[in-house]
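Comments concern the structure below.
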Amino acid sequence: MNTALCLLVAAVTSPFLTEPYLQNLKTDGITIMWETAEPIEGSIQLETAANAAEERDIQTTLSHEDSGFDSIIYKAVVDGLDADTEYNFTISAGGSDFKSAFRTAPESFRPFKFGVWSDSQERNRGAYDDDPFEPTNSMMRFLAGSGLDFAVGCGDHASDGDSYEQTRMMHLDRVAKYLGQTTPFFIAWGNHDGLRDDPLRKFADHPSKEREGYTPGYGSYSFFHGDTYFVCIEYRTMERDVRRWLPGELDRDEVRNARHRFMFIHVPPFCEMWIDGSEYLREHLVPQLEEHNFDVVFSGHTHEYERGHLNGVSYCITGGGSWLDHGEPIVHEWDHFLVGGKNHIEGFEHGLVNQVMVISVEEDGWKAEMHAFQPSGEYIGVLDSFTRADAEAMQAAAQE
């Protein structure tokens, strides 16, 4: 009996420490990453309903590196895919198969949705003792089930990105597991996410690798989804990138001609609780955002929700990804901030609510919705929403 039981357990044990998750979504490719305890020969298979994969010159570069913590990180970079096409894939390793699917980015406009969250580090600090990893786990599951094309985290995916233990507990076993297996995600790195060679950074593949001197897990970068532009700012190089890299980046014709422009940066330019935002960003970033007609700047850093509009640009702090900043004071009152901070949200003091964002982009505009959760992970609903028209209306009122 004991022998049979041991054989049964051995037969169903997965070789994956971290099951495959999706990174760096493009029109013609994607990156799939996973982790094992030891080197295991693996393979990847892709197919579409029409078997279009067989008609393309698909190139897959499979590489691996030692994490430095008794595990191996695998990376499959897939190129040569058709744009705006759904692919099923199978990762085979050690006798186990992992199956999922993704859809490549479109080359031109089509309606799409993306999710945003920030500060999913740590446990809930006693807000719900039955499960210290709620409501983060439920929020990641919610995003995964929301029909998103991709998602973006605004930083602080671990309390200490230089710790493999925290990288596993707070990022791999939460974001990568519950969101990344079905939804590609990007990260605008925060102050707790470690340095360029730390464990957390090794588990990412971002377009920053295309910039000289940077790596797949370190640096600011941009990408397009159809004709909509996205830019993620690295915390460690924020000041240099805002002044030296960003101006030239935003002067590109394709950026000027973009339908919409969204930015993700960990530290907010404006904030009311705990900090007043970043004076440096108010001086050097905000004028660029206004000149280039940005739609929304998403950030975190403060563990709460705040939202406002200034000169046509919307600013949204979506820092409710884990524990909240209860007890922090209101340190500044910005006239253009309307929700959260000094302004209570119905049922919640200030902006102290766990939440994530879902943004729906249509041909004639976009709508951002704040989805709120109880500390237990129970879904509350949409407590706030805003559109480009809200920012434009506030700008028009200020000019009267």
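The values are calculated or read from the model by the stated rules, or taken from the named source; none is laboratory data. The structure displayed is predicted, hence computed values, not measured ones. Ideal geometry is used to build each Cβ from the backbone, glycine not excepted, and the neighbour counts take in all protein chains shown. These area figures cover heavy atoms from the full protein model, side chains too; ligands, DNA and RNA do not enter into them. Shrake-Rupley method; radii C 1.70, N 1.55, O 1.52, S 1.80 Å.
Quick notes on this one:
- When the surface is traced with a 1.4 Å probe over the full set of protein chains, residue 383 keeps roughly 60 Å² accessible.
- Point-to-point label distance, residue 389-residue 141, nm (Cα→Cβ direction, 7 Å offset): 3.6 nm
- Span per principal axis, largest first, for the Cα atoms of segment 291-332 (Å): 36, 22, 11
- Three-way shape label, segment 121-181, alpha-carbon gyration tensor, a/c 1.5: oblate
- Peptides 246-257, 151-162 ordered by average Cβ neighbours within 10 Å, highest first: 151-162, 246-257
- Pairwise label distance in nanometres, residue 399 with residue 210, each label 7 Å out on the Cα-Cβ vector: 3.4 nm
- Local electrostatic count, residue 363, Cβ distance below 10 Å [Lys/Arg +1, Asp/Glu -1]: 0
- Label zone at residue 227 (point 7 Å along Cα-to-Cβ), backbone N below 13 Å, segment 86-116: 107-111
- Chain lengthening between residue 108 and residue 131 when straightened (0.36 nm per residue, less Cα-Cα): 4.0 nm
- Label point at residue 333 placed 7 Å out along Cα→Cβ; residues across segment 360-400 whose backbone nitrogen lies under 11 Å: none
- Equivalent ellipsoid, segment 89-222 (semi-axes from 5 times Cα gyration tensor eigenvalues, Å): 23, 20, 17
- For segment 270-400, the Kirkwood hydrodynamic radius comes to 15.1 Å, computed from all pairs of different C-alpha atoms.
- In the chain, Cα pairs under 8 Å separated by at least six residues give a relative contact order of 14 percent.
- Translational diffusion coefficient (Stokes-Einstein; Kirkwood radius from C-alpha pairs) of segment 167-279 at 37 °C, 0.692 mPa s, in µm²/s: 215 µm²/s
- Percent accessible area from carbon and sulfur atoms, the chain, protein chains only, probe 1.4 Å: 45 percent
- For the Cα trace of segment 24-172, dividing Rg by the Kirkwood Rh returns an Rg/Rh value of 1.00.
- Every helix of 4 or more DSSP H residues in the chain counts as -39500 (n - 2.57), and over all residues that averages to -3500 deg cm²/dmol at 222 nm.
- Inter-probe distance in nm under a simple model that places probes 7 Å from Cα toward Cβ, at residue 256 and residue 61: 3.3 nm
- Shape of segment 171-215, Cα gyration tensor, a/c cut at 1.5: oblate
- When peptides 38-48, 318-328 are sorted by average Cβ neighbour count within 10 Å, with the highest value leading, the order is 318-328, 38-48.
- Percent of C-alpha pairs per 5 Å bin in segment 328-367, short distances first: 6, 18, 20, 18, 17, 12, 7, 2, 0.
- 1.4 Å probe accessible area per residue over the chain, in Å²: 41 Å²
- Alpha-carbon radius of gyration plus Dmax, which is the widest Cα pair, for the chain in Å: 21.1, 83
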